[in-house]
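The values are calculated or read from the model by the stated rules, or taken from the named source; none is laboratory data. Since the model is a prediction, treat every value here as computed from it, not as a measurement. Note: ideal-geometry Cβ built from the backbone for every residue, glycine included; neighbour counts use all protein chains shown.
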Amino acid sequence: MSETPRRDFLKAASVIAAPAIIRAQTVTNAIKVGLVGAGGRGTGAASQALKADDYSELTAVADVSLDQINSSLGRLARINGGKVKVADGNKYLGFEAYRQVIDSDIDVVLLATPPGFRPVQLRYAVEKGKHVFTEKPMAVCPAGIRSVIESVKMAREKNKCIVDGFMWRYANHIVQTFEQIHNGIIGDVLSYYATYYTGPVKPMPAASTRPAGMSDVEWQTKNWYNFVWTCGDGYVEQAVHSVDKVAWCFKDQPPVSCVAHGGRQIPQEGGNIFDHIEVNYLYPNGARAFIAHRQIPGIYNENADYILGTQGRVTIGRGPLPIVEDHKGKILWQFEGTKNDGYQYEHDILFSAIRKGEVVNKGDRMVSSTLLAIHGRQAAYTGAQLTWEQIQNSSLSTFPDPFDPKGSLPEVPTAKPGITKFV
């Protein structure tokens, strides 16, 4: 299943509802929500947030486009009705508009801009004492990851919630499958092979379509999926879902090292991301994890997981439910019940905790899964074998410094394995 349909909140809204959570029927005070990033995923997250609590309401939105804000609010109003309460004065525009949303009278902020902006936005939200829902990935470089680690720690100290957009962690049929793996149903895990074969999310348009007067930063942000500093590459932005499942399988313990290959098979005008990457992770017990990612039009598409153990195997994504069987094909376990919607349930958990005055913080694992993806990308970019310690201590920072929305920002050349150096 490709990322684009899964991001379509209209389709997500049609999925069977998540298990009901306990709601305080006598509560009349609203949980006020702010949205930063009014694109498709942000609109979907806002719709799910408004469904997660009987008294949640959307009161402020930030984006770089007023048309995008108005389009998002129109769709939300059709689905969520009167819970959309964004006055014209609470529609904030520009790269710094996240500050105005967070500074407004909200309780929780939804961060759904391109992920290159995530670390600074998360830090500001936590400093201002807001609960946070943050989409994946949480950063696109090691410097950004270190910032997120500090924000996660600060949120714990302030007793504020952080919930992530790694939606498979909230999908009950996948949760129960990994519980079976961790309980030893297939013995010791020997290898994990994951595929994320899909088409381009948003191909780079011709330079001739760039509006007169649009700055480099504005142009690159408008086409954010094609630049490493904004999206992190397709492996980090899209295939991170598969990376997260690999991390989950190995109980969120890091690998020893990884090697990778990748490149740009289909040339395009502008942008600097690869369109294919395959990574081989080595774990301490000798187990291997392989993740193959492609974003090329007209190819064979697949998003699946193949997990091999000493006593059996697990297949995810080749049918409506995971398959757990021994090496002779005998079914060892099957999911029973109704599948929930992981996109919705992640918000249910967040808003239930806020309503009850509890704290849920998923920061440690959302950091490790994001860094695991960056680890693999940098191995592909450089052609080097990289240890976990190397990527943790890397000085790589991709975010423009200083950041000037109207300034010049020459495109960084596409990485060349064997020539691009690890820093």
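What the table below lists for this structure:
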item	result
Pick from the stretch 131-153, criterion crowded, with 24+ Cβ neighbours inside 10 Å and over 16 Å from the mean Cα position of the chain (by Cα), ranking: farthest from residue 238 (Cα to Cα)	131
Selection from the stretch 308-364 of residues that are among the acidic types (Asp, Glu) and either touching a Lys or Arg at 6+ places or on another chain (Cβ under 9 Å) or under 30 Å from residue 154 (Cβ atoms) (or both)	325, 326, 346, 348, 358, 364
Meets criteria (assigned by TED's automatic domain parsing to the domain that holds residue 378, surrounded by fewer than 22 Cβ atoms within 10 Å (Cβ to Cβ) and of a type outside the set (D, E, K, R)) for residue 281	no
Some residue of the stretch 356-369 being assigned to a helix (DSSP H, G or I), among the charged types (D, E, K, R) and exposed (fewer than 15 other Cβ atoms within 10 Å of the Cβ)	yes
Members of the stretch 334-348 found to be surrounded by fewer than 19 Cβ atoms within 10 Å (Cβ to Cβ) and in contact (Cβ under 8 Å) with a residue 60 or more places away in the chain, listed by number	335, 337, 338, 339
Qualifying residue in the stretch 266-288 (condition: of a type in the set (Lys, Arg) and either in contact (Cβ under 8 Å) with a residue 60 or more places away in the chain or over 30 Å from residue 183 (Cα atoms) (or both))	yes
Qualifying residue in the stretch 231-239 (condition: under 26 Å from residue 367 (Cβ atoms), part of a loop (DSSP other than H, G, I, E, B), touching a residue at least 40 places away in the same chain (Cβ under 8 Å) and aromatic (Phe, Trp, Tyr))	no
Some residue of the stretch 180-196 being out of contact with any strand residue (DSSP E or B) (no Cβ under 9 Å at 6 or more places or on another chain), more than 15 Å from residue 377 (Cα to Cα) and at pLDDT 95 or above	yes
Leading residue by the ranking (surrounded by the most Cβ atoms within 10 Å (Cβ to Cβ)) among those in the stretch 45-90 that are touching a residue at least 12 places away in the same chain (Cβ under 8 Å) and of a type in the set (Asp, Glu)	63
Checklist (1) at pLDDT below 95; (2) not in a loop (DSSP other than H, G, I, E, B) applied to residue 343, failing item	(1)
Residues that are among the small types (Gly, Ala, Ser), farther than 16 Å from residue 227 by Cβ and part of a loop (DSSP other than H, G, I, E, B), drawn from the stretch 380-423	383, 384, 394, 395, 418
From 353, 379, residue being small (Gly, Ala, Ser) and in the same structural domain as residue 230 (by TED's automatic domain parsing)	379
Any hit, the stretch 205-224, residues being in contact (Cβ under 8 Å) with a residue 60 or more places away in the chain, assigned to a loop (DSSP other than H, G, I, E, B), closer than 21 Å to residue 243 by Cα and out of contact with any Asp or Glu (no Cβ under 6 Å at 6 or more places or on another chain)	no
Residue in the stretch 157-173 that is within 16 Å of the chain's Cα centre (by Cα) and small (Gly, Ala, Ser) present	yes
Residue 314 vs. criteria surrounded by 19 or more Cβ atoms within 10 Å (Cβ to Cβ), farther than 23 Å from residue 266 by Cα, touching a Pro at 6+ places or on another chain (Cβ under 9 Å) and among the aliphatic types (A, V, I, L, M)	yes
Index of the failed condition, residue 181 passing every other in (1) surrounded by fewer than 20 Cβ atoms within 10 Å (Cβ to Cβ); (2) part of a helix (DSSP H, G or I)	(1)
Residue match in the stretch 133-147 (condition: in contact (Cβ under 8 Å) with a residue 60 or more places away in the chain, in contact with a Gly (Cβ under 6 Å, 6 or more places away or on another chain) and among the acidic types (Asp, Glu))	yes
